[in-house]
1. Can you spot a residue in the stretch 280-290 that is at positive phi and either among the aliphatic types (A, V, I, L, M) or within 16 Å of the ligand (Cβ to nearest atom) (or both)?
2. Identify the single condition in (1) at pLDDT 95 or above; (2) under 16 Å from ILE87 (Cα atoms); (3) of a type outside the set (Val, Ile, Thr) that SER146 does not satisfy, given that it satisfies every other one.
3. State whether one or more residues within the stretch 256-279 are out of contact with any helix residue (DSSP H, G or I) (no Cβ under 7 Å at 6 or more places or on another chain) and within 16 Å of the ligand (Cβ to nearest atom).
4. Could you grab me the full set of residues in the stretch 221-269 that are of a type in the set (A, V, I, L, M, F, W, C) and part of a loop (DSSP other than H, G, I, E, B)?
5. In the list LYS287, LYS271, LYS245, which residue meets the criterion of being within 20 Å of ALA25 (Cα to Cα), over 18 Å from the mean Cα position of the chain (by Cα) and either surrounded by 13 or more Cβ atoms within 10 Å (Cβ to Cβ) or free of Cβ contacts under 8 Å to residues at least 40 places away in the same chain (or both)?
6. Quick test of your reading of the structure: GLY117 fulfils all but one of (1) touching a helix residue (DSSP H, G or I) at 6+ places or on another chain (Cβ under 9 Å); (2) within 16 Å of the ligand (Cβ to nearest atom); (3) on the phi > 0 side of the Ramachandran plot. Name the failing condition by number.
7. Within the stretch 110-120, can one find any residue that is out of contact with any Asp or Glu (no Cβ under 8 Å at 6 or more places or on another chain) and closer than 27 Å to LEU189 by Cα?
8. When the residues of the stretch 217-242 are filtered to those that are out of contact with any strand residue (DSSP E or B) (no Cβ under 9 Å at 6 or more places or on another chain) and among the β-branched types (Val, Ile, Thr), which remaining residue is nearest to the ligand (Cβ to nearest atom)?
Amino acid sequence: MDRLNELWARGKEFLGTEYAILGGAMSWVSERHLVSALSNAGGFGVIACGSMTPDLLDREIAATKEMTDKPFGVNLITMHPQLDELIDVTLAHKVGHVVLAGGIPPGGAIQKIKDGGAKVICFAPALVLAKKLIRSGVDALVVEGSEAGGHIGPVSTSILVQEILPHITEVPVFVAGGIGRGETIAAYLEMGAAGVQLGTRFVCAEESIAHENFKKAFIKGNARDAVTSVQLDPRFPVIPVRALKNEATEDFMKTQQDVINKYQAGELDLKEAQLAIEHYWAGALKKAVIDGDVQGGSVMAGQSVGMVKSIQPAKEIIEELVEQAAAHLAIK
Ligand SMILES: Cc1cc2nc3c(=O)[nH]c(=O)nc-3n(C[C@H](O)[C@H](O)[C@H](O)COP(=O)(O)O)c2cc1C
């Protein structure tokens, strides 16, 4: 345990936690219950703001504060039309850490959060961007590989850590994507990470409000079932998302083909056709997480889904990960 504490000391200090384990924000899943459970267990829960209005976010933060007195963060999506107001709400609550996701943040947003007294965490999809973000003033980075659930980049965690970790010392770096066991956490810490971020592994926490069908799909799912969305035609971009394959992933291929055929027949113009494809997944994550429609919705999951075997309290999952990491370091 001493070695583990030494390795992630910088991450623990940055987060103000017992363990340098972030619960990656997951839209619809990372709300007050899971976030407070992860923070109470010694990790760092992060509220997923997703498409919430400032008013809803205000209520979610207030409710989370009722359930934990430990630090937690808020994840904001940079293209949210009310990003500025969401930052105001977060700062008014004195939330200590804001994670900016969904692309390179607008310059003003980083400064505004820092001026308001909170720390800014951003995703770095490549070394040049990591350096650029540090110049823009971010306080920490998350390096997330394509094994992760949800929206992903093209490069795997194992490559990104080699490209980025040896070259970034200015700020703490947290590694995400494909982490299912503590041994892997130990390995990334030994490579220079300050901590880690996991999402998939926490979906089946007892405290998570995800529908039981969603949790059952995770328990049943294997690594190979967590596939990326496929783009049929370069003229019609598809945002890469990793999710469990189901009827909707099959139907999406058919929809793309139908739309492309209509475009070629002159029934839709390019813009209309692109929008038809872009809008296919609108509301699909909520449909699966909240309504439990795991065939018609999007069951976003990372490849580590194969290591999710049962519903467990968040504390038990975190303790298991910590014990595995500590044991791995002790036998070396
Ligand atoms: C169901 C689901 C929803 C997610 N939603 C978001 C989100 O709203 N914002 C975000 O920044 N990341 C989102 N993520 C990514 C997680 O925050 C986290 O970085 C990722 O799950 C880590 O990789 P892992 O799934 O391999 O553990 C989501 C992931 C999942 C599985």
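1. Yes, the stretch 280-290 has at least one match.
2. (2)
3. Among the residues of the stretch 256-279, not one is out of contact with any helix residue (DSSP H, G or I) (no Cβ under 7 Å at 6 or more places or on another chain) and within 16 Å of the ligand (Cβ to nearest atom), which makes the answer no.
4. Step one: list which residues in the stretch 221-269 are of a type in the set (A, V, I, L, M, F, W, C), which gives 223, 226-227, 230, 232, 236, 238-239, 241, 243-244, 248, 252-253, 259-260, 265, 268.
Once the filter is applied, which keeps residues that are of a type in the set (A, V, I, L, M, F, W, C) and part of a loop (DSSP other than H, G, I, E, B), the stretch 221-269 yields VAL230, LEU232, PHE236, VAL238, ILE239, ALA265, LEU268.
5. Checking each option against the conditions leaves just LYS287.
6. (2)
7. Yes, the stretch 110-120 contains a residue that is out of contact with any Asp or Glu (no Cβ under 8 Å at 6 or more places or on another chain) and closer than 27 Å to LEU189 by Cα.
8. ILE219
The values are calculated or read from the model by the stated rules, or taken from the named source; none is laboratory data. Quick caveat: nothing in here was measured; it's all calculated off a predicted structure. Methodologically, a virtual Cβ is constructed for each residue, glycine included, from the backbone with ideal geometry; neighbour enumeration extends over all protein chains shown.
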